[in-house]
Every structure is written in C-alpha cells, then in structure tokens.
Amino acid sequence: MLDGKIVITCACTGAETTKEQNPALPISPEEVQTAAYEAREAGAAILHLHVRTPEGKPTADPARFKEVIDAVRRKTDIIIEITTGGAVGDSAEERLKPLVALEPEMASLDCGTVNFGNEYIVNDLPTMRAFAAEFKARKVRATLECFDVGHVYASRILIKEGLLEAPYHYGLVLNVPAALPWSPRNLQAMLDALPEGADFTVMGIGRSHVPSMYGAIASGGWIRVGFEDNVYYSKGVLAKSNAELVERAARLAREAQLTPATPDEVRKYLKLRG
Ligand code: ZN
C-alpha cells in the first residue's frame, strides 16, 4: 500500500467529449500540455491520454500521440497513461498501434465487451490476450479497465495465464450509460472480485463523479477525474478546467487524511519503467 497517500489520475480529454459540451476541453498539443501541467500542480500523478486530430476527431495515430506526449513532457513530470480503448468503432489493431510505437509507462487495457450508450466496445478474450502480451513484452504497466463485474473475472484469466505481471492496477468504471451503474454495492461487488493486494482507481462517469470519489476514498482506492468522465463541476455548472476537478479530488482526499502521491512515488510503487 501507498500508506497515507492517494493516486489521482486526470483523464483530460477522452474520445467522446466535445468542445460543444465544454469549451475548455483540451484538444491541441498546447492545450493538453497546459491541462497536464495544471492537473499535476493540483495533485494528479497520472494523465490518462486520448488524442484528437486538429478537427477534434479521436485518433489512434502514433505520430499524433507522440506530438502530444512530447509537448506534455516538456512541461511536467506527470506519468502518461495512454488509452488502448480508443474510440467507439476503432479496430483492435488500431487501438494497439500507439502502445507498440511509443512504449509508454502506462496504458489502459479494457477487460471486456461493454455497452457504451447506443454503441458498444468489443474486447473478446483473444483480443485481451493479444493486448496483454504486448504490454508484457514492452513492460508497460496496465490499468485494467473493468466496466462490469465479469470483466474483473476476465482479467483474472489473463493473470492465471501469466500474461500480466504484478503489481495489478485496476480502473473500475461505473455509470457508463447502459453498463454497470454507480452504487456502493456495485463498487463493492467489483472489489470483492479483485485479486488480493490489487490497487484500484474508481472512475465514476457523469453525475456519479463525486459520490464515486467518496466511494474510492472510503474503500482505500484511488481517484480518476477529468473531462473524459464528466464535464460538470456541479449540476448545470461546467467545470472551468480539468484542474478544477483535480483540486476538488485532492481537497476531499486531504479531508480524509490522504496526501496526493507524486508521479515519482507512483513510478516507484507501481514499478514503472520510468
Ligand atoms: Zn480513456
């Protein structure tokens, strides 16, 4: 355990959020650079990264990832976790390209097929095995994203088959429309299914943003905030920036006597390549 600490991830952009939903959404390399810097200053240790074309469309182009990552790197030491979930409709091959090309410190690994509102994202077991093997070969630490209780069990198959290496870090995603809703009981069901000693970050979508943070803190977990998951600060009030959401997360954690961990503390704890 990272005693007395909490790890805050900022998912600053995502694949689906638009500037129409929140004009402060960071899209250009400069905007993401600023968002990453401000999030780090506010207490985030990890930046969860999707990138967009100049027109704002989600892309898995490794060159665009590199451009944005280089910009972030010039400004802050925040850990960069890239997505391999991609955007709705991306093929598995496309989603894996940036990881193979850039070998980041961390990346997300989706652990099952899930409804995404009217759409869906396909992750069958053979796809997950292929992804996990690339993570292992390149020593990229996976955040095992689970959108349902069954996904946690699916991840355990990968562990049993020796395709993942400890320490295990989970991203428990609650409240995606048409997937598992946020509730303390649903979170607990996921926690009950985790391998012993695994760390977990709770990701509450939309209006579950704040209650799920309390759930994370109460359960000894970590927190993810950011425009990928939620663009509001409170009901009807848009967040001014990703940093504003990180600041609140850090404040709630401090009230619970937890200090936001620094990127280097997390690098050491999760045994990242650095
Ligand atoms: Zn994501």
(message) Looking at Ala107, Ala166, can you tell me which residue is within 16 Å of the ligand (Cβ to nearest atom), touching a Lys or Arg at 6+ places or on another chain (Cβ under 9 Å) and closer than 21 Å to Gly221 by Cα?
(response) Ala107
(message) When you check Val210 against the structure, is it touching a residue at least 60 places away in the same chain (Cβ under 8 Å) and of a type outside the set (Ser, Thr, Tyr), yes or no?
(response) no
(message) Return the residues of the stretch 67-91 that are more than 13 Å from the ligand (Cβ to nearest atom) and surrounded by fewer than 17 Cβ atoms within 10 Å (Cβ to Cβ); say none if nothing qualifies.
(response) Glu67, Asp70, Arg73, Arg74, Lys75, Asp77, Gly89, Ser91
(message) Can you tell me which of (1) at pLDDT 95 or above; (2) farther than 22 Å from Ala239 by Cα; (3) not aromatic (Phe, Trp, Tyr) is the one Gly86 doesn't meet?
(response) (1)
(request) Output the residue which, of all residues in the stretch 188-208 that are under 12 Å from the mean Cα position of the chain (by Cα) and open to solvent by 10 Å² or more (accessible area, probe 1.4 Å), is nearest to Ala239 (Cα to Cα). (result) Ile205
(message) For the stretch 136-150: of the residues being of a type outside the set (Ser, Thr, Tyr), within 16 Å of the chain's Cα centre (by Cα) and open to solvent by less than 50 Å² (accessible area, probe 1.4 Å), which is nearest to the ligand (Cβ to nearest atom)?
(response) Glu145
(request) Give me the pairs, please: first residue somewhere in the stretch 1-23 and within 15 Å of the ligand (Cβ to nearest atom), second residue anywhere and not aliphatic (A, V, I, L, M) and not in a loop (DSSP other than H, G, I, E, B), beta-carbon distance under 6 Å, and either six or more positions apart or on two chains. (result) Thr9/His48; Thr9/Thr201; Thr9/Arg224; Cys10/Asn242; Ala11/His48; Ala11/Arg224; Cys12/Asn242; Ala15/Pro58
(request) Considering each residue of the stretch 220-274, count those that are open to solvent by less than 70 Å² (accessible area, probe 1.4 Å), away from the ligand (no atom under 16 Å from the Cβ), within 17 Å of Met106 (Cβ to Cβ) and among the acidic types (Asp, Glu), and give that number. (result) 1
(request) List every residue pair whose Cβ atoms lie under 9 Å apart, where the two residues are 6 or more positions apart in sequence or sit on different chains, the first residue falls within the stretch 173-188 and is at positive phi and modelled with pLDDT of 95 or more, and the second residue, located anywhere, is open to solvent by 40 Å² or more (accessible area, probe 1.4 Å) and basic (Lys, Arg). (result) Asn175/Arg207
(request) Identify all residues within the stretch 158-180 that are of a type outside the set (Gly, Ala, Ser) and over 13 Å from Val114 (Cβ atoms); write none if there are none. (result) Leu158, Ile159, Lys160, Glu161, Leu163, Leu164, Glu165, Pro167, Tyr168, His169, Tyr170
(message) Could you go through the stretch 61-68 and let me know if any residue there is under 25 Å from Leu172 (Cα atoms) and either without any contact (Cβ under 8 Å) to a residue 40 or more places away in the chain or out of contact with any helix residue (DSSP H, G or I) (no Cβ under 7 Å at 6 or more places or on another chain) (or both).
(response) yes
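The values are calculated or read from the model by the stated rules, or taken from the named source; none is laboratory data. As the structure is a computational prediction, the values presented were derived from the model and not from experiment. Cβ sites come from the backbone with ideal geometry, for glycine too, and all protein chains shown count toward neighbours. The area values use the complete protein model at the heavy-atom level, side chains included, leaving out ligands, DNA and RNA. Shrake-Rupley method; radii C 1.70, N 1.55, O 1.52, S 1.80 Å.
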